[in-house]
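Report on one structure; see the data block that follows.
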Amino acid sequence: MQVMDPDPSCPARFVVDACFEGGWDDARVAADLARGCDVVTLEIEQVSLASLEAAAKYAPVRPNATLMRIVQDRILQKTWLAEHGFPLGDWRAIRSEEELAEAVVALGEKVFVKSAQGGYDGRSQVKIGFGNPTNASEAWRLLGGKACVAEKALDLDREISVMVARAPNGETKSFPSALNHHANQILEWSVIPSAVPADIEAKAQRIAADIAAGLGAEGLLAVEMFLTKSGELLVNELAPRPHNSYHASELACVTSQFEQAVRAVCDLPLGDTSIVQTAAIANLLGEVWLGENGELREPRFDLALAVPGVTLHLYEKHKPRKGRKMGHLSAVGKTQDEAVQRVMEAKGLL
Ligand SMILES: Nc1ncnc2c1ncn2[C@@H]1O[C@H](COP(=O)(O)OP(=O)(O)OP(=O)(O)O)[C@@H](O)[C@H]1O
Ligand SMILES: [Mg+2]
């Protein structure tokens, strides 16, 4: 197994035979990587189309550049979903400051503005009308004057996601949905299964499987969804890779998302996604390692690990930064509440 990453000391270095150092747009390094591979996959969306195409000359790339072109661009992604009849909240494609100003009026007072390309974990997003003074022209400037989408801020009851795995032979298997809680637009905790009512689960499963089939996805495809207070189930966005909200699948399901990713991209039979037990995760951001004045501190893992059912996962990222996902805690529980409560209690002790 070998990996390409812009950072030679990337977390994967401990588990691979070779590391290829190169930026996501370095097509030459992508080709070098693929030359020694039977199949290439990704775990980040930012890899350039040129790199994916260069790699595809030597090994199948799953997901492929056709799918990535759509998913990498929020405008193309939402347009594809809308044209294929999938439910979305109110949104507009924005290509100028004037369009953004008009959209903010049309969409109501609270709006999320998101760069079309390149954002994750709430980065490259600006909120308008949440009690801050940011207006359309300021938001346009903050996002670098580039294409973006404006979304009406929805009144959310809950957020869920469904992970689908689809092999090149067409076999498709989905995991039961995960319930996700965000703070400052970053996933704070997540629990599997979500325990949403059966009719909503069925609808979410249908939507996710139809999207994966429609896109001809190969490998994993996570579908993030909003459940609004008025009872609508809407698609938020797609992630064609292992997803933070399924880290708990390692404890919750017969087959984890990570094993399923390998099975799917290698065209092997897909694993059983049944629930074994309820499990939750809580993300550990760089803040946990930073003291009040920004100085490095060692978190109290000893205290967290004393909480029943809790385990620790660190990603071996060496530089803690605010908002950077450094690891997560997981916990099993008899119920969703118990699993989430244990994992959050453990996090509080760090
Ligand atoms: N239109 C919206 N209405 C209400 N809440 C929203 C809206 N858009 C985003 N959010 C909130 O912000 C979170 C992050 O948004 P989004 O998924 O678009 O960002 P992201 O940067 O791609 O995040 P990630 O990579 O972590 O999934 C959502 O999960 C939700 O909690
Ligand atoms: Mg998201």
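Does the range 114-155 come out rounded, prolate or oblate, given a ≥ b ≥ c as the square roots of the eigenvalues of its C-alpha gyration tensor, rounded meaning a/c under 1.5 and, failing that, prolate meaning a/b above b/c?
Working: a/c = 1.77, a/b = 1.20, b/c = 1.48.
It comes out oblate by the Cα gyration axes.
The range 189-251: D in µm²/s via Stokes-Einstein (Kirkwood Rh, Cα pairs, 4 °C, 1.567 mPa s)? Kindly include the intermediate steps, with their values, before the conclusion.
On the way: Rh = 12.7 Å.
Answer from the Stokes-Einstein relation: 102 µm²/s.
At q = 0.07, 0.08, 0.15, 0.16 Å⁻¹, what log₁₀ I(q)/I(0) does the chain have when each alpha carbon counts as one equal point scatterer in the Debye sum?
Log-scaled intensity ratios, in q order: -0.30, -0.40, -1.49, -1.62.
If you filter the range 94-178 for GluC sites (Glu not before Pro), then keep DSSP loop positions with at most 13 other Cβ within 10 Å, what is left?
E109
Applying the Karplus parametrisation 6.51 cos²θ - 1.76 cosθ + 1.60 with θ = phi - 60° to the phi angles of the range 183-195, what ³J(HN,Hα) value in whole Hz is obtained for each residue in order, glycine and proline being reported as x?
Karplus values, whole Hz, x for Gly and Pro: 10, 6, 6, 10, 4, 9, 9, 8, 9, 10, x, 6, 6.
Straight-line reach only, C-alpha to C-alpha below 30 angstrom: list the lysines that K319 could link to, leaving out same-chain residues fewer than 8 apart.
Partners within reach: K114, K127, K146, K347.
Name the most mobile residue of P11, P193, P240, meaning the one with the largest mean-square fluctuation, in a Gaussian network model of the chain with Cα contacts below 10 Å.
Its mean-square fluctuation being the largest, the pick is P11.
For the chain, with the dipole built from +1 on Lys and Arg beta-carbon atoms and -1 on Asp and Glu ones, taken about the Cα centre, which of A339, T134, A212 lies farthest toward the positive end?
Going by the Cα projections, it comes out as T134.
Per the Kirkwood formula on distinct C-alpha pairs, the Rh of the range 231-306 is how many angstrom?
Value: 15.6 Å, from the Cα pair sum.
Any chance you could check the Cα centroid distance between the range 194-263 and the range 308-332 for me, in angstrom?
Using only Cα atoms to place each centre, the spacing works out to 22 Å.
Would you mind checking the pairs K110/K334; K229/K317; K203/K229 and listing those with alpha carbons more than 27 angstrom apart?
Pairs exceeding 27 Å: K110/K334; K229/K317.
For the range 291-337, what percent of Cα pairs sit more than 18 Å apart?
Above the 18 Å cut-off, the range 291-337 has 42 percent of its Cα pairs.
Given the options V71, V61, V16, state which has the largest fluctuation in a GNM of the chain using a 10 Å cut-off (strictly under) for Cα springs.
V16
Looking at the range 146-179, which trypsin sites (Lys or Arg not before Pro) are in a loop (DSSP not H, G, I, E or B) and have at most 13 other Cβ atoms within 10 Å?
Of the trypsin sites (Lys or Arg not before Pro), the ones in loops of the range 146-179 whose Cβ has at most 13 other Cβ atoms within 10 Å are K146.
Bear in mind that the values in this text are calculations on the coordinates, not laboratory data. What you are looking at is a predicted structure, and each value in this text was computed from that prediction instead of being measured. Every residue, glycine as well, gets a Cβ built from its backbone with ideal geometry; the counts of neighbours run over all protein chains shown.
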